[in-house]
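Following: one structure in structure tokens, then a few remarks.
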Amino acid sequence: MGGIGLVLNVAKDALLTQQYAIDVTSHNIANVGTDGYSRQTAVIEAKDAAPYGGFIFGRGVELNDIIRNTNEFIEKRMQSGQSDLSSVTEQCTYMNVLETIFDESSGSSLSSQFDEFWASFNDLANNPSGIPERNILVENAVLLSESFNNLYTDVRKMNDEINNSIETGIDDVNEILTKIADINMQIVAIETSGNANDLRDQRNSLVTELSQYLEVNTYEYDDGNLVVTTGKGYTLVSRGDTYPLTLEGGGIILESSPSARIDITDSIESGKIGGWLDMRDNIIPEVIANLNELAGALIWEVNSIHSQGIGLEGISSLTGTYSVSDPGAALGTEASGLDYYDKIADGAFTLWLYDADGNAVGSADITVDADVMTMSDLATEINDLVIGLDDAFNASASDDRLNIEIDGAYSGYTFAFSNDTSNILAALGVNTFFQGSDSRGIAVNDSVINDKNNIAAARIDADGEFAEGDNTNALAITELQYSDVTIRQWTYGDEGAASEDITNNTLDEYLHMLVSSIGIKSQSLQRTKEYKETIQTELTTARDNISAVSLDEEMTNLIKFQQAYTAAAKLITTADEMLDTLLAVR
């Protein structure tokens, strides 16, 4: 077609093309504040030329495509960065809670309770027979124990809260996967004959939202189908199919098919879920493990001294606080089930017997072979003792605990202990100050709470005598505040749990090291968070430069397309006038 017809066709196409361009510009302006929206551009191209009258004439313009202005590399970097940022943000949140739990600035902190405990033992050493000093000591020891108990409980509650967050997060992930699969099918259907730019933006926003929970990778096929996988390559979405996650026994299970279920817990390293898992499986267990070691060391160090001392009077009956799982197993072996089995060594302890007037009848040395002696052996040996001419002891392994009492025929008689080189008394909880073995179970021994006279401030001399004013044992316990002890320190990481013995720290120094490690970890995570935020801000700026809507630019385009539209309309008017002139001439 040539002549006036060509002019009319060119004008018509130009009019429609500029109208389409104005529509695209209007759509951009309307979505200037829409999250995840990518600026669209009308791709306008000249139509192929055609011959007429011996010449080649252009045929005007047409709309070739409407494209999204995006950069796939930047989008994927942003999604990966979002995973990392979300992970460290969640860790920072929980580390702040941990710092609050272990706040050392308050008067009720664990450090303060330690100070009060040591001061109370020092006061008892200054007045070993004083009842007020004994009462205050027990009160402060109870408060110290409760501080350990409360710390353990609070940290464990954090663990429970994290599990709840993981469960909620998995529900959110599954919901996002379903939405992505649905949009996949819509895009595939629409793009057989057009484009689905807005749906692609929605899908991209969903992938970004998904990346907040875990690291993901994506791959798009030519037909518009997007495959979404975890960072380690496990498929989550393909076409309209989803492979949901479930939380089972603390593990995250991927249902890759009705009959195939894969535990992917260890493969999730970033995103909110990755951050929660790191807190739950590494940071919190490490804190609890070291808190337990501190409590266990305090219990052992105090008990090992206390068990060899004596209170204001001898003992008529007692039951050990630690039970064995097998009365027939050697006490110094793991098979015994004792919390402190590894502390028992080859050695001996002295058992003293006193008559009703408090005079020493005599003593007996009980030899301990750690790898041979059982609970039953020990109970039998004590039960068979005859000191002086008195068969005064009844001993048994009642309820798998060592029970010792004075036979009813020896009314008023008492007994006591000294010189335990085997550590078996403390390991069995005999004549001890604390009971339990960790931060959850630490408590003051019931026998001490029920009778403050049982606090062993004194020691028995070589002749079996002891005095109410003797403070030897109380002083030894007081000195623990300044003594280096051996405590195990735990670290948790990708390779699992590892530990080493720390030998050059006091109990107080170990506590300060524990609290400091929480603060240092929190500060390190905060610095990492700030760095990740900076990187994410830079990536967002780079994306906005490509994809964000600029009102100034769109208004410029609007004016340009409107003027082109007006010109095209004028061209139609001109062609119409030319046609009228031609018809009038004929």
| query | So what is the diffusion coefficient of the stretch 307-364 in µm² per second by Stokes-Einstein at 25 °C and 0.890 mPa s, using a Kirkwood Rh over Cα pairs? | reply | 177 µm²/s
| Descending semi-axes in Å of the stretch 1-55, equivalent ellipsoid built from Cα gyration tensor | 35, 11, 4
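Quick one: work out Rg over Rh on the C-alpha atoms of the stretch 155-229, Rh as Kirkwood radius.
So for the stretch 155-229, dividing Rg by the Kirkwood Rh gives 1.15.
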| Globularity ratio of the stretch 189-300, using Cα Rg and 2.2 N^0.38 Å | 1.51
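I'd like the per residue volume of the convex hull spanned by the Cα atoms of the stretch 76-162, given in cubic angstrom.
Convex hull of Cα atoms, per residue: 85 Å³.
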| remark: Given backbone amide H placed at 1.01 Å from N, residues whose amide H is under 5 Å from that of Ile502, ignoring those fewer than 5 places away on the same chain, are Ile487, Arg488, Gln489
| Counting only complete DSSP H runs, which helices of the chain cover 15 Å or more along their long axis at the Cα atoms and score a mean Kyte-Doolittle of -0.5 or above? | 3-30, 72-101, 110-126, 131-190, 284-306, 551-585
| task | Return the Cα extents of the stretch 349-486 along principal axes one, two and three, sorted largest first, each rounded to a whole Å. | result | 44, 37, 28
| remark: Looking only at lysines whose Cα falls under 30 Å of Lys12's and that sit 8 or more positions away or on another chain, we get Lys47, Lys560, Lys570
| query | In the neighborhood of Asn557, defined by Cβ-to-Cβ distances under 14 Å, what is the net charge if each Lys or Arg adds +1 and each Asp or Glu adds -1? | reply | -2
| query | Over the stretch 1-131, how many percent of alpha carbon pairs lie in each 5 Å bin up to the one with the longest distance? | reply | 2, 8, 9, 8, 7, 7, 6, 6, 5, 5, 4, 4, 4, 3, 3, 3, 3, 3, 2, 2, 2, 1, 1, 1, 0, 0
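Just want the ordering: Asp463, Asp115, from fewest to most Cβ atoms lying within 10 Å of their own Cβ. Kindly include the intermediate steps, with their values, before the conclusion.
Details: Asp463 8, Asp115 15.
Taking fewest neighbouring Cβ atoms as first place, the list is Asp463, Asp115.
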| Which of the following values of log10 I(q)/I(0) by the Debye sum over Cα atoms at q = 0.05, 0.06, 0.11 Å⁻¹ was calculated from the structure shown: (1) -0.26, -0.37, -1.11; (2) -0.43, -0.54, -1.03; (3) -0.38, -0.53, -1.13? | (2)
| said: Let's test this: bin the Cα-Cα distances of the stretch 81-222 at 5 Å from zero up to the farthest pair and state each bin's percent. | reply: 2, 8, 12, 12, 10, 8, 7, 7, 6, 6, 5, 4, 4, 3, 3, 2, 1, 1, 0, 0
| Which pairs in the list Lys157/Lys232; Lys157/Lys343; Lys76/Lys232; Lys76/Lys521 are over 24 Å apart, alpha-carbon to alpha-carbon? | Lys157/Lys232; Lys157/Lys343; Lys76/Lys521
| query | Listing Ser120, Ser317 from the residue with the fewest other Cβ atoms within 10 Å to the one with the most, what is the order? | reply | Ser317, Ser120
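Tell me, what does the Kirkwood hydrodynamic radius of the stretch 439-586 come to in angstroms if you use every pair of distinct C-alpha atoms?
On the way: mean 1/r = 0.0391 Å⁻¹.
Radius from the Kirkwood sum: 25.6 Å.
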| message | With unit charges on the beta carbons (Lys and Arg positive, Asp and Glu negative) and the dipole taken about the Cα centre of the stretch 434-586, which residue among Gly469, Ser439, Trp490 sits farthest to the positive side? | response | Trp490
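Read-outs: derived from the displayed coordinates by stated rules, not from any lab. What you are looking at is a predicted structure, and each value in this text was computed from that prediction instead of being measured. Please note: Cβ atoms are built from the backbone with ideal geometry, for glycine as well, and neighbour counts cover all protein chains shown.
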